[in-house]
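Every read-out reported here was derived from the displayed coordinates using simple, explicitly stated rules and does not represent laboratory data. Given the structure is predicted, the values throughout are model-derived calculations rather than measurements. Note: ideal-geometry Cβ built from the backbone for every residue, glycine included; neighbour counts use all protein chains shown.
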Amino acid sequence: MVAVSTAASAQTLQSFDPTELAKQRIMPLNALTMPILFQTKTQTKIDYTTVVVAGQSSFPDEYKDAANKLDSQNFQRAQDEFQRRAAIEKLLPYLNELESQIEAATEFLIPATVTVGEYDFNMKRFPIQIRLDGVSKDFQGGFYCSRGGYETDQYRNILQACVKAEDVLTNGSPFQWLSIRDSDAAQKFKSLYTSRQIRALLQVRLTGKYESLGSKHLWGRRHLLSQSAYVEHLVPAKSTALYLLNAGTEELLYTLLPSASEESKTLATIGMQKPATTQTMTKQPLKIKLD
């Protein structure tokens with residue numbers, strides 16, 4: 001695979017190891033980090049019990065058991081207040097470190113779904129479309145909400161703060177083509193795609209402040225804690241890069257950069273380091289209270 005040279009103003013990644021991401025001030029967004037991002041940008045006090053319980057799946061393995069003990073709907077729920085307190089104390093250092101990294105981050109990674117069309121043998125490229133994890137007919141395509149929440153209202157609805165990638169929502173999406181000059185490499189990529197072995201990550205930079213929607217948009221029951229959830233806030237963002245990885249090996253295959261021209265620039269990358277599965281922790285002052 002041959003790299004296409006381009007003058008890129010955005011910072012692009014060579015490794016998805018959590019420690020390296022933190023050094024480059026790039027933060028993955030998920031059910032756990034999304035509510036904390038909302039807190040750091042708005043100074044809104046969030047309910048960390050809701051954050052922890054809704055974001056259980058996003059914790060590293062060594063913290064999932066402690067998070068489960070705070071979930072009233074989970075059979076692993078702690079039986080008494082002492083066990084719950086012990087779980088809280090185990091989670092606090094990790095949550096504090098996570099908050100510090102989010103405060104320092106300048107760009108963020110969002111999981112995306114990529115659709116790949118048929119290869120154009122004349123232009124040596126695939127047409128592609130990307131979309132984010134929408135939550136209802138009102139929030140599709142360019143919205144990312146994860147499955148987390150920052151608070152539970154009086155009716156036990158989960159409240160969410162979502163990212164709105166404005167350039168992905170428009171017809172002039174910054175990523176419309178994936179150029180692969182070598183037909184053998186293109187065939188290999190298409191084989192990975194058809195076997196559902198391509199994972200996409202969208203890198204974005206926030207471009208404005210959170211907007212309150214006043215709980216007007218219900219995204220329906222998705223069995224999140226057996227509750228309904230509302231999109232309460234949106235923050236605008238702009239895409240700075242799209243990464244296509246081998247989902248089986250976590251090898252970075254292609255990096256696409258937004259371009260004003262018809263065809264997005266494609267960078268091919270070979271032999272990337274497999275990212276670590278756990279996050280490196282450093283000691284931080286305890287400043288988050290869950291009870």
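Distance check, please: which entries in Lys23/Lys188; Lys23/Lys45; Lys64/Lys209; Lys23/Lys90; Lys23/Lys164 exceed 29 angstrom between their Cα atoms?
On the way: Lys23/Lys188 33 Å; Lys23/Lys45 27 Å; Lys64/Lys209 32 Å; Lys23/Lys90 24 Å; Lys23/Lys164 25 Å.
With Cα atoms farther than 29 Å apart: Lys23/Lys188; Lys64/Lys209.
Just order 196-208, 232-244, 77-89 by mean Cβ neighbour count inside 10 Å, highest at the front, would you?
Details: 196-208: 18.2, 232-244: 22.4, 77-89: 13.8.
Descending mean neighbour count gives 232-244, 196-208, 77-89.
Taking amide H positions as placed 1.01 Å from N in the peptide plane, with prolines and chain starts having none, which residues 5 or more places from Leu213, or on another chain, fall under 5 Å of its amide H?
Residues meeting the criterion, in which the H sits 1.01 Å from N, are His233, Leu234.
HN-Hα J couplings of segment 61-70 from phi, Karplus 6.51/-1.76/1.60, θ = phi - 60°, integer Hz, Gly and Pro as x?
After applying 6.51 cos²θ - 1.76 cosθ + 1.60, I find 3, 6, 10, 5, 5, 5, 5, 4, 5, 9 Hz.
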